[in-house]
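The values are calculated or read from the model by the stated rules, or taken from the named source; none is laboratory data. Keep in mind that what you see is a predicted model, and the values were worked out from it rather than measured. When we count neighbours, we look across all protein chains shown, and the Cβ atoms used for this are built from the backbone with ideal geometry, even at glycine. All accessible areas refer to the heavy atoms of the entire protein, side chains included, with ligands and DNA or RNA removed. Shrake-Rupley method; radii C 1.70, N 1.55, O 1.52, S 1.80 Å.
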Amino acid sequence: MVSDRAKMILGRMAQALPVVAGVVVISFLLTRALPGDPAAYFAGPAASEASIAEVREALGLDKPLVQQFFLYVGDLAQGNLGTAISTGQPVAADLASRLPASLELTLVALLLSCAVAIPLGVLAATRPGTWVDHLCRVLVTAGVSMPTFFTGIVLIYVFYYLLGVAPSPLGRLDFIYLPPPTVTGFHLIDAALAGDWETWFGALKQLVLPAVTLALFTLAPIARMTRAAMLQALSSDFIRTARAAGLGRGKVLYGYALRNALLPVITTLGMVFSFTLGANVLVEKVFAWPGIGSYAVEALVVSDYAAVQGFVLAMALLFVLLNLVIDIAYALIDPRIGFS
Amino acid sequence: MLQIEDLSVAFRTRKGEVNPVRGISFEVARGEQLGIVGESGSGKSVTSYALMRILDAGGEIRTGTISYGGIDLRRAAERDMRSIRGREISMIFQNPRAALNPIRKVGHQIEDVLLQHAQATRQDARAKAIEALEAVRIADPQARYDAYPFELSGGMCQRVVIAIALACSPRLLIADEPTTGLDITTQKSVMDLIRELARAREMGSILITHDLGLAAQYCDRIVVMKDGRIVETGAPQRLFTEPEHPYTRRLVDATPVVGASIRSLLPAEARTPEPAHRVQDHPVLEAVDLVKTYPSKSGPVQAVKGISFAIRAGQSLGLVGESGCGKSTTSEMIVRLLDPSSGKILFDGQDIAAVPAARFAWHPLRREIQMVFQDATDSLNPRDTGASAIAEPLARMGGLGGRALKARVAELADLVGLPQPLLSRYPHQLSGGQKARVGIARAIALEPKLLILDEPTAALDVSIQAVVLNLLVDLRARLGMSYLFVSHDLNVVRLLCDEVIVMKGGEIIERGPTAQVMSAPAHPYTRALIEAAPQPPVKTPA
């Protein structure tokens, strides 16, 4: 039994490897298909034909595509993603500093969103047609129908400008704090590890508004899916059996119904996570958040192919990882998976 | 012990209020086995949900009292109800696999109930759960404790459901169609188990079923319900020999028993002489060494192991067996939806197995072999009206169109007894019997030589089953079709078929004229099948 399950999870992880290989090929080809000549851009506006050719040679762009690919893979193996033109930094370093910022924002937003949406969905499902149900519907519709940049600006206006309780929306940390020593890149975790609670609190204050903005946007799919899955679970035969056996309300609701309802909710969560990671560029812009979304947009605008390539690769790997985690979570919750 | 007085239940729906139970009164004595019999929509299940106070949202008890050992269940606090459910009164349900939490080990589900009612502590819960599994005679209870419902057979799941219900030794057990969907031998062992446990524990029970024969065999007293009311109460023997209410008489008539003829299933006034059908000597279909092998994780599995049989023109052949015996695989190969691994299917001497199933839809013989499916609802496209369902084969293979098509559809509707105005309705607007008629009309539209009937009445109420079976008898005489009748119900096969084949484990273990196989079965398995069928009291000829 257990070894079967473990074998299945290992097998699923092995299946991710060819996907990663495919991702490497596609991210390489995709960036080669970008319009514009990076060599011309790199050489600068005053460069002559000769100097552009020189730069092209230095960048390795004059070689055949297949050779370029193997050079790229060789560099990748050493963790070298090339140098970003716009920042002048190695792409790997840029990603390492910016990806945690985006991840921290997205994860906190999703945690917040789940903490509100799942109980809300459960409440709405147990009392369909009552005020809780209607409140749930109004809240999620409002959340999803307002664009994130608009919600963000409203929140800044109210909490920073009018009430003055929020800090200025300028990045991950106010300048009066020093960033905590980098361990994970997540300010909240790093500050906690360093025991620097003042910085931790400062980072949290910066995080609240953008996280709430994103959370409001992601509330709708999670709450709706929880409600629908709970309604379906509650009307199934095994809930009737549990009720007829006299099990307590809590046991029936959480032990039996919610655990079955969680399966579709986890699927939704994975999809929400994916699109949030891509879509939070607007939130990052509004709150001057030094995240990966704004970085990618800037790189794309100037045909900074190394940076774009690095971004596409990082995101794709992240999605592969995410799907893997979701599949494994599924297998852990549902014993039927991998056997039928 | 349990007394119900003038109970009525109402449901609020979008179309207004529905009253499934309208003022019923009955009682169950200590240790008594009561049967509640009725067809779908009679309110028998709702009655049991009402007395357990587990009605679905929107349902409420309107009038009446429910008194259990002096406690007023209608007014008891929800907390008190919770300690009564499972502890004093337990319930088991139909479709046992769905009645168990799919993602929780069955042992844990039993423990949940034991812990809820303080019948076990965390330390001894496991041992007591295994004991409960032992009590329902599950083989190897230690190992089954860790099983999930999807790893168990249907009969095994029902045993687990019974174990959950009986874990806390209740004094009343309500069994709501506990054997629907189970094989006939499994049905017998489950019902025997319930009866035996009820006797050993001096436990009262209520058996809710649509099968009067089953209730007659296992109950001391039977309550017959129709449209939310009780029409008659009495001992099984009395109900069968001298039913008072006309509805009870109809139910008794429609229950297939030994010695019944197909016309005797119908109400007395509808019994016309049974038309004779002519069985010819030449075979319309011959199956020769049919084999079907499925690949599986643990190597190939032979679902059908080289069977041979013939259906003569005009003959009705019964194909009988329990789930997993290969009868569905066989019928799907004959109807050319599935390719045999080897063997021949000769139709009028032509080997149709040589044509792949995927291409058989364009074969000229496609129209000669048609099928009536088991589930009348699922086999109709919900977005097609009855008329368009019947018209489809005519338009595709019959080359009919326009007015001729319409006229033929009307003619077919008359043939199967479907009122013309119903033709424009969608499946959800039709009753089970009407949907079965649409399915039959569609299958006979092209006047096939061979009709394969895959448990065509399994999902129907007995009175509808009686009508559909008689319709099939009439059609066979009129159109001269041969039938391959696939069923697990020997009592029905007996009524309809000239010859019968009994399958087990992918092989034919017995074959012969129906009457001979039924009265003197040669194979022990055939005997077990015949004995497992409910044996209601012999009714008086009407």
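Express the Stokes-Einstein translational diffusion coefficient of segment B:1-89 in µm² s⁻¹, to the nearest whole number, given a Kirkwood radius over alpha-carbon pairs, 4 °C and a viscosity of 1.567 mPa s.
95
Using a Förster radius of 56 Å, what is the FRET efficiency between B:Gln142 and A:Ala40 based on their Cβ-Cβ separation? Nearest 0.05, please.
0.15
Place +1 on the Cβ of every Lys and Arg and -1 on the Cβ of every Asp and Glu in the protein assembly as shown, take the dipole about the Cα centre, and give the residue among B:Gln434, B:Gly324, A:Pro180 whose Cα lies farthest towards its positive end.
The Cα lying farthest towards the positive end belongs to B:Gln434.
Determine which lysines satisfy two conditions relative to A:Lys251: a Cα distance under 18 Å, and not lying fewer than 8 residues away in the same chain.
B:Lys105
Trypsin sites (Lys or Arg not before Pro) within segment B:237-332: which are DSSP loop residues with at most 10 other Cβ atoms inside 10 Å?
Qualifying residues, ordered by number: B:Arg278, B:Lys297.
Measure off 7 Å from each Cα along the Cα-to-Cβ vector at B:Thr272 and B:Val291, then give the distance between these two points in nanometres to one decimal.
4.9
Cross-link candidates for B:Lys435: which lysines have Cα within less than 25 Å, leaving aside residues fewer than 8 places away along the same chain?
Cross-link targets: B:Lys15, B:Lys44, B:Lys226, B:Lys327, B:Lys406, B:Lys449.
How far apart, in nm, are two points set 7 Å out from the Cα along the Cα-to-Cβ line at B:Ala76 and at B:Asp220?
2.1
Within 10 Å of each Cβ in B:98-106, how many Cβ atoms from other chains are there, averaged over the peptide?
Shielding by partners across B:98-106 averages 6.
Can you pull the accessible area of B:Arg359 for me, 1.4 Å probe, Å² to the nearest 10?
150
How many times 2.2 N^0.38 Å is the alpha carbon radius of gyration of chain B?
1.04
What does the accessible area per residue of the protein assembly as shown come to in Å², with a 1.4 Å probe and no ligands, DNA or RNA counted?
44
Would you calculate the volume per residue, in Å³, of the smallest convex hull containing every Cα atom of segment B:283-532?
133
Counting only protein heavy atoms and using a 1.4 Å probe, what share of the accessible area of segment B:1-141 belongs to carbon plus sulfur, as a whole percent?
44
Can you give me the % of accessible surface on segment A:32-84 that is carbon or sulfur? Probe 1.4 Å, all protein chains present, nothing else counted.
Of the solvent-accessible surface of segment A:32-84, carbon and sulfur hold 61 percent.
Give me the Kirkwood hydrodynamic radius of the protein assembly as shown, using the inverse of the mean 1/r over all pairs of distinct Cα atoms, in Å to one decimal.
32.8
Grab the beta carbon distance between B:Ala57 and B:Ser25, set R0 = 30 Å, and tell me the FRET efficiency rounded to 0.05.
In this case the efficiency is close to 0.70.
Hey, for a label at B:Arg195 modelled as a point 7 Å past Cα toward Cβ, could you say which residues of segment B:522-537 have their backbone N under 11 Å away?
Output list for this probe position: B:534-536.
Before anything else, pin down the relative contact order of chain A: Cα pairs under 8 Å, at least 6 apart, normalised by residue count, whole percent.
27
With the alpha-carbon atoms as the only input, what is the per residue convex hull volume for segment A:1-84 in Å³?
Spread over its residues, the Cα hull of segment A:1-84 gives 110 Å³ apiece.
Computed FRET efficiency, Cβ-Cβ of A:Ile153 and A:Ser97, R0 25 Å: what is it to the nearest 0.05?
So the FRET efficiency works out to roughly 0.45.
Given a cut-off of under 8 Å on Cα pairs at least six residues apart, what relative contact order in percent is computed for segment B:283-532?
27
So how much slack lies between B:Arg527 and B:Thr377, counting 0.36 nm per residue of separation and subtracting their Cα-Cα distance, in nm?
In short, 50.7 nm is gained.
Which value, in Å² rounded to 10, gives the accessible area of B:His282 with a 1.4 Å probe and all protein chains present?
100
Which whole-percent values make up P(r) of segment B:437-510 when all C-alpha to C-alpha distances are grouped in 5 Å steps starting at zero?
Percent of Cα pairs in each bin: 3, 13, 27, 26, 16, 10, 4, 0.
Beyond 13 Å, what share of the Cα-Cα pairs of segment B:207-268 remains, rounded to the nearest whole percent?
Tail of P(r) above 13 Å: 60 percent of Cα pairs.
How large is Rg over Rh for segment A:100-301, taking Rg from the Cα atoms and Rh as the Kirkwood inverse mean of 1/r across Cα pairs?
Ratio of gyration radius to Kirkwood radius for segment A:100-301: 1.06.
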